[in-house]
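What follows is a set of notes on a single structure, which appears directly below.
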């Protein structure tokens, strides 16, 4: 293509030289048309050359990108905790060496009431965690993740800011409520306490009785 382009440029220079010397209108018109044809052809060749160069660069970039392949076995993340702030619920997972894996190996997916985490190829395994039925809705677009030293931090942006979360999930809330002893407001407090002790005694084992 380089040789063909060079030939066209030489042809163009010669046509321009002839056009400067020509005096007859018919000759000048013919040379002008030929000049336009050559210029158009040169422009097309230049565009093709630029496009091929761009494709080569894209191919080189693609070849240099290492896509993480999921290998090994998958384990459930068990070392984690959470705390809340006015605008977000912060969920942190302790994973030794997670800051050393490629950024694309740490994947997080959010929905309005859940999030799941997958860390690929960390120390020969994949670590995952799924949290469903969040206590309150979150903003999917504004939620995010951060990878720090040995820690993955999941930031769930509350839809209702400044609203406290007593628990992380609805299930946790329901379990805690079931654990609370029930009292009758109209019953004497001492009688209510006796009922609780009686229930503990009835549900207890032989040693307790």
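Below are the figures for this structure:
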item	result
Which of 46, 93 has the fewest Cβ neighbours within 10 Å, and the rest in rising order	46, 93
Value of Rg/Rh across segment 2-64 [Cα atoms, Kirkwood radius]	1.26
For segment 73-175: span of alpha carbons on each principal axis (Å, largest first)	39, 27, 20
Exposure proxy ranking, count of Cβ atoms within 10 Å, fewest first, for 7, 34	7, 34
Length gained when the stretch residue 40-residue 59 is fully extended (0.36 nm per residue, less Cα-Cα span)	4.0 nm
Computed E for residue 166/residue 126 - FRET, C-beta separation, R0 22 angstrom, nearest 0.05	0.10
Simple spin-label estimate for residue 108 and residue 20 in nanometres, 7 Å along Cα-Cβ	6.8
Rounded FRET efficiency, nearest 0.05, which uses the C-beta distance separating residue 51 from residue 27 and R0 of 25 Å	0.10
Segment 140-178 residues near the modelled residue 100 label - backbone nitrogen below 16 Å, point 7 Å along Cα→Cβ	148-152
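Bear in mind these aren't lab numbers, they're just calculated from the coordinates by the rules spelled out. Bear in mind the structure is a predicted one, so any value in this text is a computation, not a measurement. No Cβ is skipped: glycine too gets one built from the backbone with ideal geometry, and neighbour counts run over all protein chains shown.
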